[in-house]
Amino acid sequence: MSLAIGSPAPEFNLTDQHGAKISLSSFKGSKNVVVLFYPFAFSGTCTGELCGLRDDLAAFQNEDVQLIAISCDPMYAQKAFAEKEGYNFPVLADFWPHGAAAKAYGVFNEDHGCAIRGTFIIDKAGVLRWQVVNGLGDARNLVDYKAALAAL
């Protein structure tokens, strides 16, 4: 299931790596949001993707844009992962109810119990403007994100 471009993005209220609650609606009216679902903390492809975002963070998190990464790992795993890799953006735990946000975005893999690689760009009004969904082992292209953000 994929979401329809131009439809309201599903709300979520999840815990970040520091234990704070983060909701999509908290950015409404102030920032565009890049929501990135990834399968597992500490896995090779996921680490590579998030480190790529970390290394070019100004393009994905600034006065106009907020980057949010989400997996079904528990908060303490997210904390260890973010600290080890130096992620200065919210890394959210979609742990319980397990995968609820990933399911709402149509990117939960029931067989593996994790999110697949889905990226969603949501505008300041809370409307989905762009999405790409890749398989578990298929890395995403960060250049595509930049082009989608530039089009907002």
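Observations
- Scanning segment 67-90 turns up no residue that is assigned to a strand (DSSP E or B), in contact with a strand residue (DSSP E or B) (Cβ under 6 Å, 6 or more places away or on another chain), of a type outside the set (Ser, Thr, Tyr) and farther than 25 Å from Gly137 by Cα.
- Some residue of segment 53-63 being among the polar types (S, T, N, Q) and under 15 Å from the mean Cα position of the chain (by Cα): yes
- Candidate set: segment 67-84, residues that are buried (at least 17 other Cβ atoms within 10 Å of the Cβ) and without any contact (Cβ under 8 Å) to a residue 40 or more places away in the chain; chosen: the one nearest to Glu49 (Cα to Cα): Ala69
- Number of the condition not met by Asp111 [criteria: (1) touching a residue at least 40 places away in the same chain (Cβ under 8 Å); (2) charged (D, E, K, R); (3) surrounded by fewer than 21 Cβ atoms within 10 Å (Cβ to Cβ)]: (1)
- Subset of segment 50-66 that is part of a helix (DSSP H, G or I), in contact with a helix residue (DSSP H, G or I) (Cβ under 8 Å, 6 or more places away or on another chain) and not basic (Lys, Arg) - its residue that is surrounded by the fewest Cβ atoms within 10 Å (Cβ to Cβ): Cys51
- Filtered residues of segment 92-134 (kept if assigned to a loop (DSSP other than H, G, I, E, B), among the small types (Gly, Ala, Ser) and within 15 Å of the chain's Cα centre (by Cα)): Gly99, Gly106, Gly126
- Segment 36-49, residues that are part of a helix (DSSP H, G or I) and at pLDDT 95 or above: none
The values are calculated or read from the model by the stated rules, or taken from the named source; none is laboratory data. Since the model is a prediction, treat every value here as computed from it, not as a measurement. Note that we place each Cβ from the backbone using ideal geometry, even for glycine, and neighbour counts take in every protein chain shown.
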